[in-house]
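*Asks:* Okay, handing you the structure first.
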Amino acid sequence: MTAQLALSFYLWQMKNGYFLFLFLFFPIFVLAQDYGEDSLILFEGDSLPTYGIPLKEVVVFQPLGFKDREELNRYLILRRRVLRVYPYAKLAAERLTVLNERLDQIDSKRGKKKYMKRLEDFVYEEFEDELKKLSKSQGRILIRLVHRQTGSTTFELVKKLRNGWKAFFYQTTASLFSLSLKEEYNPFEVLEDYLIEDILQRAFADQYLIEQPPAVEYDLNALYQNWKAKE
């Protein structure tokens with residue numbers, strides 16, 4: 001019986017050792033193969049032959065550290081809010097580009113004013129119900145993300161596209177809800193903005209969100225080192 005167990009154990013070692021051997025050294029076997037001319041891959045615009053299949057670029061993120069579960073929960077709540085409102089900021093930047101192009105084609109001041117009024121009515125009809133569902137915290141994030149994507153605060157955009165009175169009226173209304181249309185996005189100075197930038201870049205890498213180039217590009221590693229130095 002003991003001899004049978006010993007034999008079984010020996011066979012098991014041989015079997016699993018074989019698979020372990022293949023697992024560890026299979027890449028070496030592959031690289032050691034003699035590649036013929038047919039196995040070379042030529043890429044358009046590149047005169048150099050390349051062996052193998054090109055892989056996608058892998059983005060490595062710095063690990064985030066949380067002091068306790070409560071801090072982790074705050075980050076997850078912020079992440080949920082950012083993922084919810086970013087598409088609106090992205091859309092605002094896209095519409096602003098189209099709007100500016102259209103306004104450049106209108107010569108008269110009266111024509112521009114009429115076009116803006118028509119556009120405002122359209123935006124209200126299209127987004128009013130959705131935007132009303134945003135919480136105050138989501139609204140604050142949206143204001144800062146609009147600045148990230150366009151390079152202008154919401155107050156500046158309203159003042160430019162409508163008039164100073166409209167901008168003042170909207171700012172006063174926003175202040176009743178403890179919001180400011182003048183808020184800027186500053187991930188180097190505001191911790192929450194840094195966390196928002198981290199959330200966005202991870203979401204882009206994971207393809208949870210479709211990336212739109214912001215008005216200012218941010219190096220996440222530089223931001224990480226900046227905040228690490230402040231700790």
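*Asks:* Scanning for something modelled with pLDDT of 80 or more, under 30 Å from S178 (Cβ atoms), part of a helix (DSSP H, G or I) and over 21 Å from the mean Cα position of the chain (by Cα), does segment 131-138 turn up at least one residue?
*Replies:* Yes, the conditions are met somewhere in segment 131-138.
*Asks:* Kindly indicate whether F177 is exposed (fewer than 12 other Cβ atoms within 10 Å of the Cβ) and not charged (D, E, K, R).
*Replies:* yes
*Asks:* Limited to segment 193-226, what total is found for residues that are surrounded by 15 or more Cβ atoms within 10 Å (Cβ to Cβ) and in contact with a helix residue (DSSP H, G or I) (Cβ under 9 Å, 6 or more places away or on another chain)?
*Replies:* Result for segment 193-226: 18.
*Asks:* A follow-up question, please. Scan segment 135-167 for residues that are touching a Phe, Trp or Tyr at 6+ places or on another chain (Cβ under 7 Å) and aliphatic (A, V, I, L, M) and report the count.
*Replies:* 4
The values are calculated or read from the model by the stated rules, or taken from the named source; none is laboratory data. Computed from a predicted structure; not experimentally measured. Note that each Cβ is placed from the backbone with ideal geometry, even for glycine, and that neighbours are counted across all protein chains shown.
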